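Inspection log for the structure reproduced underneath, given as structure tokens.
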Amino acid sequence: MGYDRRDPMTLLLPRAPSGWRAYAVGDVHGRLDLLDRLLGKIDADLAERPADRVALVMLGDLIDRGPDSRGVVERLRTMDESRYRRICLMGNHEEVLLRILAGERGLVQDWLLFGGAECLGSYGVDASLVGRLPERQALEIIRRAIPDAHSAFIESFADTLRFGDYLFVHAGIRPGVAIEEQKQIDLRWIRREFLDHDENLEAMVVHGHTISASVEQLSHRIGIDTGAYRSGVLTALAVEDDRRWFLSTGQ
């Protein structure tokens, strides 16, 4: 029996695709230490209850704010996928970095204020110096700092992953719009229109982007951004068949 989206009081639960398990990880934001700790917990969970086919889904915002964006990107880029398939989704912070690397003007100063300074620091760049330079020079320094392998990896990120009755996405979706018609700006940036919506959606949406003190579980969405960069708590949601459970770096 599957997920009955018509009735918010239904006892039927959303289901993952048959034969698959997914671990969806919330916003890492440069916390390589927490990512490594959570991946260790995922490995231990797999050892305790093995699964044949496993997806590791990163919900975006791998970079900025925390101290080691470079380490996070490199860890995931070079990950051994023999145990699970790695799928990275695009967050708004990755989008902004790619726009800067493409030469878009008017973004650098805001990016530095909202986590870009820490990101540049992890690549060995003095962000305070970059912030005082003319924009053209700042853009050139940023482009030289980010390895081509890292920018190419980030460019490969998807916007959504449909996983049975679940939809994994960074920010959310616009209610009333079919999943296949959603706009990138909403998938990566939406907040209030999605968060304030209180009726069931086309799928059970699993998202990050908006920080909450603990996991938010509603009848139509599950928010797992627990503010890792400042709280020290990085959260993963595991789904398999009609079951779901959580792993966390918190107690």
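Below is a table of values for the structure above.
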{"quantity": "Filtered residues of region 3-47 (kept if part of a helix (DSSP H, G or I) and either at pLDDT below 95 or surrounded by 13 or more Cβ atoms within 10 Å (Cβ to Cβ) (or both))", "calculated": "L32, D33, L34, L35, D36, R37, L38, L39, K41, I42, D45, L46"}
{"quantity": "Strands (runs of 3 or more DSSP E) completely within region 177-251 that count 1 or more residues being under 15 Å from A24 (Cβ atoms), of a type in the set (D, E) and open to solvent by less than 60 Å² (accessible area, probe 1.4 Å)", "calculated": "235-240"}
{"quantity": "Of the criteria (1) on the phi < 0 side of the Ramachandran plot; (2) buried (at least 18 other Cβ atoms within 10 Å of the Cβ); (3) of a type outside the set (D, E); (4) within 19 Å of the chain's Cα centre (by Cα), which one R99 fails", "calculated": "(2)"}
{"quantity": "Selected residue (criterion: farthest from L59 (Cα to Cα)) from residues of region 75-92 that are open to solvent by less than 20 Å² (accessible area, probe 1.4 Å) and part of a helix (DSSP H, G or I)", "calculated": "L76"}
{"quantity": "Any hit, region 229-243, residues being small (G, A, S), modelled with pLDDT of 95 or more and closer than 24 Å to S18 by Cα", "calculated": "yes"}
{"quantity": "Pair list, Cβ < 8 Å and 6+ apart or interchain, from region 79-97 residues that are without any contact (Cβ under 8 Å) to a residue 40 or more places away in the chain to residues that are aromatic (F, W, Y)", "calculated": "V96/W111"}
{"quantity": "Restricting region 63-74 to residues that are charged (D, E, K, R) and more than 15 Å from the chain's Cα centre (by Cα), the residue that is surrounded by the fewest Cβ atoms within 10 Å (Cβ to Cβ)", "calculated": "E74"}
{"quantity": "Every residue from region 130-152 that is open to solvent by 40 Å² or more (accessible area, probe 1.4 Å) and either part of a loop (DSSP other than H, G, I, E, B) or closer than 12 Å to L97 by Cβ (or both)", "calculated": "R132, L133, P134, R143"}
{"quantity": "Every pair of residues 6+ apart whose Cβ atoms lie under 6 Å, when the first sits in region 224-251 and is more than 16 Å from D64 (Cα to Cα) while the second is at pLDDT below 95 and of a type in the set (A, V, I, L, M)", "calculated": "D242/L13"}
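The values are calculated or read from the model by the stated rules, or taken from the named source; none is laboratory data. If you're wondering where the values come from, they're calculated on a predicted model, not measured in any experiment. Note that we place each Cβ from the backbone using ideal geometry, even for glycine, and neighbour counts take in every protein chain shown. Side chains included, ligands, DNA and RNA excluded: accessible areas come from the protein's heavy atoms. Shrake-Rupley method; radii C 1.70, N 1.55, O 1.52, S 1.80 Å.
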